[in-house]
Amino acid sequence: ELRVPPSVAVYAVAIDNWGQPFQAGIAVDVGAVVRPSQFAGWLYQVTEAGTLPASEPVWWPAEGDNAPRQLGTARAVAVRYYQPLAHGPVPVEVL
């Protein structure tokens with residue numbers, strides 16, 4: 001819950017997680033986000049820790065239930081990347 005006086009302007013901000021660029025053979029932990037070298041709107045979030053493959057894989061979009069797929073010895077799901085935008089100042093309405 002956020003309380004601000006009516007005279008205060010508020011800015012809405014989102015934190016951008018652009019991920020780490022793909023690097024062959026590096027270890028990744030659960031929750032890590034990997035970005036392909038040729039970005040096409042998808043990032044890959046690691047669901048099972050492991051090591052990335054020796055060469056960059058054929059990347060995939062989210063399909064159906066978006067089940068995790070092998071990414072070297074790790075597993076990952078495709079996540080659509082949306083660039084966050086900042087909005088503000090936004091007037092606050094006191095209820």
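Screening segment 1-58 for strands (runs of 3 or more DSSP E) wholly inside it with 1 or more residues that are out of contact with any Lys or Arg (no Cβ under 8 Å at 6 or more places or on another chain) and at pLDDT below 95 returns the ranges 10-12. For segment 70-91, the set of residues classified as open to solvent by less than 50 Å² (accessible area, probe 1.4 Å), under 16 Å from Gln20 (Cα atoms) and in a strand (DSSP E or B) consists of Leu71, Ala74, Ala76, Val77, Ala78, listed by residue number. Among the conditions (1) surrounded by 10 or more Cβ atoms within 10 Å (Cβ to Cβ); (2) within 16 Å of the chain's Cα centre (by Cα); (3) not in a strand (DSSP E or B), Ala67 misses just one, which is (2). Close Cβ contacts (under 9 Å, 6 or more residues apart or on different chains) running from residues in segment 58-80 that are of a type in the set (Ser, Thr, Tyr) to residues that are part of a strand (DSSP E or B) and open to solvent by 40 Å² or more (accessible area, probe 1.4 Å) comprise Thr73/Glu48; Thr73/Thr51.
The values are calculated or read from the model by the stated rules, or taken from the named source; none is laboratory data. The structure presented is a predicted model; accordingly, all values stated were derived computationally and were not measured. Please note: Cβ atoms are built from the backbone with ideal geometry, for glycine as well, and neighbour counts cover all protein chains shown. SASA here: full protein model, heavy atoms, side chains in, ligands and nucleic acids out. Shrake-Rupley method; radii C 1.70, N 1.55, O 1.52, S 1.80 Å.
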